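Here is the structure we will look at.
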Amino acid sequence: MKLHQQHSHSPTQMPSTSGRGRQCLLSFCPPTSTAIVLFILFLHTTSAKNFPCPFHQTINITDGLRLKDGSYSYEGLVIPANLTAEYKIKVIDGIEYSAPKHWRACACLLKPCVTFCCPPKMHFDERHQNCTPNLNEGHSQHNHIEVTFSNGSVNAVNIKEAFIIRYELGCKNKMVERNMADFWKWDLFENGTLKRDNIYFTNDQYCFTPLEHKKSWSLTPLTCERFVRGFRVWIYAICSSLAILINIGIIIMYVAIKEVRNSIYGEGLIFHLFSLTIGLSFLVYLHLKNPLNLSHTACRNIGFLAYFFIIVSFLILNIISGSFWAIFALKPIKKWYLKILYALAFVMGLAMKYVIKAVQDSSVGRHLKPGIGEDLCWFDTRLWGILLYFYIPLLMSLGLSIFCVARAFFCILDLPSDTQTVAGKDFVITRKHFYSYCIYMLVLFSIWMREIIVYIIARIREHFFIIDYWSGICILCLAFVAFVYLLRKNKFVQLWWEENVEGKEKPPEYVSPPDYSFLRVQNFKKQDSLNSEQQPE
């Protein structure tokens with residue numbers, strides 16, 4: 001589910017910006033997280049870039065003067081050759097994109113830099129978020145700017161004398177709030193750092209542009225958008241919230257009906273839906289909460305908790321699918337064994353959470369990190385982490401579940417046509433529950449395949465949206481499928497409803513609740529034959 005909320009950092013919390021940018025029956029495969037980490041380390045070692053400094057500390061010197069010793073002269077500053085390099089990338093929102101070859105130099109290591117949105121004779125178009133030719137050159141004639149020094153004094157300085165000017169957009173979405181008084185209040189420090197609303201921004205997180213305020217033009221910094229609003233946000237939030245409410249209703253019904261909660265099928269679905277609902281709730285919270293009002297620790301921890309609960313919900317599906325296979329394959333299953341499997345699912349989810357935490361805090365290239373707790377509180381779709389640590393593990397889990405479901409289906413075909421009970425349960429009812437579960441699994445698989453395809457297409461097109469509201473619509477559709485096939489099509493729920501709501505008497509054959517832990521498999525013909533053999537002659 002692509003929920004992406006941007007999060008800012010104080011200077012002490014700034015992330016590194018060097019690149020800123022499951023088989024066998026009822027068992028789990030070896031931890032996929034280890035293989036993922038090894039794969040990532042391989043990619044990292046084969047794709048490392050030896051740039052002399054982070055991108056945000058460089059300027060484009062293609063038009064600069066190159067000296068005989070290989071150094072460059074740029075605006076009166078001599079930059080040594082070892083601080084220059086040829087770049088084939090550009091960095092927007094901290095993410096690397098391909099770009100034509102050009103030379104850049106680490107000028108900001110030698111002299112503080114400030115960033116301007118557009119080069120001279122161009123101005124920033126707020127509507128299209130790009131630079132356009134300036135029809136009124138008077139708007140861009142600003143040579144001085146107020147700077148706050150380390151001793152607390154504020155003085156107007158000549159921009160070119162005090163700073164090296166970078167002409168970079170920095171990010172695709174900039175915050176322009178002309179009607180907010182705080183928008184016009186900011187402090188620029190002598191090291192090029194900007195402060196607004198008690199938030200610090202590095203020179204790749206803002207850019208200056210002339211704006212009109214109170215009938216006068218002045219240089220005003222535009223900071224990267226930190227909280228996204230609009231119809232996409234509300235469609236996702238409303239659809240996901242409705243899905244959460246539907247799932248809660250299903251869980252309450254399952255827990256309230258003894259026959260359901262005491263069954264392996266019902267117990268597993270309770271755990272699955274509960275874990276999925278908690279994970280979605282965290283995502284919706286992050287979606288509606290302005291991350292500026294969240295601490296860095298809260299932003300990071302909530303994102304990792306959402307990841308943990310969603311991963312566990314899919315691991316539990318493996319147990320449910322394997323249970324159906326075991327039942328129809330006439331294999332014994334004990335409840336204590338299932339409890340161990342649930343505990344293993346929990347432990348594996350916990351392990352995967354700490355693995356991606358370790359990767360996030362490691363020195364692996366940023367494009368291979370999950371991005372949780374950096375600019376965003378959830379996975380950053382501009383990075384490869386969401387594919388490596390989220391989509392691929394979920395796809396593997398779903399693949400294992402579908403494999404178990406397919407084996408269970410073929411086991412049903414192998415059973416005698418007159419089978420009436422299997423593993424101590426009514427065969428017809430169990431089969432009906434199994435088919436309903438299959439429909440749920442197919443819909444779930446389709447939704448996640450769509451998520452992966454959309455992500456890959458976005459990567460190819462280099463188009464990264466903050467929120468894909470269709471994900472919310474798909475989540476709601478999945479909740480409706482769960483309501484119809486997991487709740488309404490559940491025979492025990494139907495019998496409970498007829499007895500307690502419609503006032504009908506429960507049929508005699510359903511007086512005793514089925515024992516889903518019973519290990520014997522029988523049918524009526526075999527039982528009759530056994531009874532006849534035991535009768536005295």
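According to the Kirkwood expression over distinct Cα-Cα pairs, how big is the hydrodynamic radius of the range 273-426, in Å?
Numbers: mean 1/r = 0.0572 Å⁻¹.
Here the Kirkwood hydrodynamic radius works out to 17.5 Å.
Take the Cα pairs of the range 160-226, get the Kirkwood Rh, then feed it into Stokes-Einstein at 4 °C and 1.567 mPa s and tell me D in µm²/s. All intermediate terms of the calculation are to be shown ahead of the outcome.
Values: Rh = 12.6 Å.
This corresponds to a translational diffusion coefficient of 103 µm²/s.
If the viscosity is 0.890 mPa s and the temperature 25 °C, what translational diffusion coefficient in µm²/s does Stokes-Einstein give for the range 340-496 when Rh comes from Kirkwood over Cα pairs? Mind showing how you got there, number by number?
On the way: Rh = 18.6 Å.
In µm²/s, the coefficient rounds to 132.
For the range 479-499 and the range 353-425, what is the centre-to-centre distance using only Cα atoms, to the nearest Å?
Cα centroid to Cα centroid, the span is 27 Å.
Over the heavy atoms of Tyr74, what accessible area does a 1.4 Å probe trace out, to the nearest 10 Å²?
Rounded to the nearest 10, that gives 40 Å².
Work through the residues other than His213 whose Cβ is under 14 Å from its Cβ and net out their charges, Lys, Arg +1 and Asp, Glu -1.
Numbers: positive: Arg178, Lys185, Lys214, Lys215; negative: Glu126, Glu177, Asp182, Glu212.
After counting each charged neighbour, the total is 0.
Can you tell me the convex hull volume per residue for the range 326-415, based on C-alpha atoms, in Å³ to the nearest whole number? If you can, show how the numbers build up before the last one.
Working: hull volume 9.5 nm³, N = 90.
Each residue corresponds to 105 Å³ of Cα convex hull volume.
Given a 1.4 Å probe, how much area per residue of the range 123-213 is accessible, in Å²? Display every interim value, and only then the final one.
Working: 4990 Å² over 91 residues.
Each residue of the range 123-213 exposes 55 Å² on average to a 1.4 Å probe.
Would you kindly give the portion of the calculated P(r) for the range 248-334 that falls above 23 Å, as a percent of all Cα pairs?
That fraction is 39 percent.
Could you go through the range 185-197 in sequence order and give the Karplus-derived ³J(HN,Hα) for each residue, using 6.51 cos²θ - 1.76 cosθ + 1.60 with θ = phi - 60°, rounded to whole Hz, and x for Gly and Pro?
For the range 185-197, the Karplus curve yields 10, 7, 10, 9, 9, 5, 8, x, 7, 10, 10, 8, 6 Hz.
Using the structure shown, list the pairs from Lys172/Lys214; Lys334/Lys357; Lys174/Lys215; Lys353/Lys491; Lys289/Lys369; Lys101/Lys215 with a Cα-Cα distance above 30 Å, or answer none.
Numbers: Lys172/Lys214 27 Å; Lys334/Lys357 35 Å; Lys174/Lys215 22 Å; Lys353/Lys491 37 Å; Lys289/Lys369 24 Å; Lys101/Lys215 42 Å.
Too far apart for the 30 Å limit: Lys334/Lys357; Lys353/Lys491; Lys101/Lys215.
Heavy-atom accessible area per residue, the range 383-473, 1.4 Å probe: how many Å²? Present the calculation step by step, with values, prior to reporting the outcome.
Working: 3770 Å² over 91 residues.
Per-residue accessible area for the range 383-473 comes out at 41 Å².
Quick one: Karplus J couplings for the range 152-169, per residue in order, coefficients 6.51, -1.76, 1.60, θ = phi - 60°, nearest Hz, x for Gly and Pro?
Karplus-based 3J(HN,Hα) across the range 152-169 equals x, 6, 10, 9, 7, 10, 6, 4, 6, 7, 8, 9, 8, 8, 9, 10, 9, 6 Hz.
Using a 1.4 angstrom probe on the protein heavy atoms only, could you order Phe346, Phe271, Phe309, Phe434 from most to least accessible area? Walk me through the numbers before you get to the answer.
Numbers: Phe346 105, Phe271 80, Phe309 50, Phe434 0 Å².
The most accessible residue leads, giving Phe346, Phe271, Phe309, Phe434.
What FRET efficiency do you get for Ala181 and Tyr342 if R0 is 35 Å and r is their Cβ-Cβ distance, rounded to the nearest 0.05?
Working: r = 54 Å, r/R0 = 1.55.
Step by step, r from the Cβ atoms, then E = 0.05.
Test of understanding: express the Cα radius of gyration of the range 131-288 as a ratio to 2.2 N^0.38 Å, with N the residue count. All intermediate terms of the calculation are to be shown ahead of the outcome.
Numbers: Rg = 25.6 Å, N = 158, 2.2 N^0.38 = 15.1 Å.
Dividing the Cα Rg of the range 131-288 by 2.2 N^0.38 Å gives 1.70.
In what order, largest first, do Asp361, Asp380 sit by accessible area if the probe radius is 1.4 Å? The partial results should precede the final answer.
Numbers: Asp361 100, Asp380 0 Å².
Largest accessible area first, the residues go Asp361, Asp380.
Could you order Phe492, Phe483 by accessible surface area, starting with the largest, using a probe radius of 1.4 Å?
Values: Phe492 20, Phe483 80 Å².
I get Phe483, Phe492, largest accessible area first.
Hey, what's the Cα Rg ratio for the range 418-482 versus the globular rule of thumb, 2.2 N^0.38 Å? Before the final figure, lay out each step's value.
On the way: Rg = 18.2 Å, N = 65, 2.2 N^0.38 = 10.7 Å.
Taking the Cα Rg and dividing by 2.2 N^0.38 Å, one obtains 1.70.
Compute the separation of the alpha-carbon centres of the range 266-323 and the range 436-462 and state it in Å as a whole number.
The range 266-323 and the range 436-462 have Cα centres separated by 18 Å.
The values are calculated or read from the model by the stated rules, or taken from the named source; none is laboratory data. None of the values given here were measured: they were computed from a predicted structure. Virtual Cβ from ideal backbone geometry, glycine too; neighbours counted across all protein chains shown. For accessibility, only protein heavy atoms count, side chains too; no ligands or nucleic acids. Shrake-Rupley method; radii C 1.70, N 1.55, O 1.52, S 1.80 Å.
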